[in-house]
1. How many nm is it between the label spots at ILE29 and CYS41, if each spot is 7 Å from the Cα in line with the beta carbon?
2. Arrange the following residues from fewest to most other Cβ atoms within 10 Å of their Cβ: SER26, SER98, SER44.
3. Computed on alpha carbon atoms, what radius of gyration and Dmax characterise the range 66-111, expressed in Å?
Amino acid sequence: MAFGDRTRADGTARIFGEPYETADGSTVITASSVHDLAGDCGYSVVPLGIFVIRGGEVTWKAADTTSRAALFGELIGLVTGVIATLALLRRPPWPDLSAKVMTAKVTALFSGRAAN
């Protein structure tokens, strides 16, 4: 059967690997999802997990997606850095030190008025 015969309407397919037996007698079957990338561009394979058959009992072990969580954390850090940079560029936290403001403060200081 060709890969194109197993695809669903959304362009994905579930692919199961060949079962193999481990040293402790368990049988392991891998499961993946294959996505068609716009026809001629190729395919993207995403691991979903494994089925483990041990003593007549079947268990499902999902694939670890920590790389997605790490990428999400990096994205949040990048957005936070951009927002902080824009906030500093718009209005820095230090006082106004422009010549006009400093001249007004010095003039007020020497004339006896309190500078605001």
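1. 3.2 nm
2. Result, fewest neighbours first: SER98, SER44, SER26.
3. Every Cα atom of the range 66-111 included, Rg and Dmax give 20.2, 66 Å.
A short reminder: the numbers here are calculations on the coordinates, not readings from a lab. Given the structure is predicted, the values throughout are model-derived calculations rather than measurements. Here Cβ is always computed from backbone atoms with ideal geometry, including for glycine, and neighbour counts include all displayed protein chains.
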